[in-house]
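Some notes on the structure that comes next.
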């Protein structure tokens, strides 16, 4: 299957939209306080798709990855609390923050859903979506004529 570059109404390429559905560019027009949408790279090779989510400062336990009805959903919730107390135990400063995000992608039928794997290293969540054997690019061959 070949990718064809085309532009939508916003001037954004829809190459990956064809594979992963409109969810890729379906970002909210207004981002609520405490919510951020991390940058996502989607790469395709002959054997798989790679989804890379930029999420520095997080731990792998902060993420949740679900697959339901051909839709891959990546979400995270993180709460931080900082407290400063004086010698009597009274608060002099107390801060907390809460951040969350959720991104969903419709997977192409060529993905082998039983072999999806994920890792988190150096602030990047990497999800590997292997292609089914029948979807992989086959090397060119010469057919002899009998």
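The values are calculated or read from the model by the stated rules, or taken from the named source; none is laboratory data. Computed from a prediction, not measured in an experiment: that's the story for all the values here. Cβ: placed from backbone, ideal geometry, glycine included. Neighbour counts: every protein chain shown.
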Examine the range 10-22 for a residue that is part of a loop (DSSP other than H, G, I, E, B) and modelled with pLDDT of 65 or more, and state whether such a residue exists. no
In the range 121-144, is there at least one residue being surrounded by fewer than 10 Cβ atoms within 10 Å (Cβ to Cβ) and either in a strand (DSSP E or B) or in contact with a helix residue (DSSP H, G or I) (Cβ under 9 Å, 6 or more places away or on another chain) (or both)? yes
Filtering the range 55-67 for residues that are in contact (Cβ under 8 Å) with a residue 24 or more places away in the chain, in a strand (DSSP E or B) and touching a strand residue (DSSP E or B) at 6+ places or on another chain (Cβ under 6 Å) leaves a count of 2
Quick one: residue 49 ticks every box in (1) assigned to a strand (DSSP E or B); (2) more than 14 Å from residue 130 (Cα to Cα) bar one, so which box is it? (2)
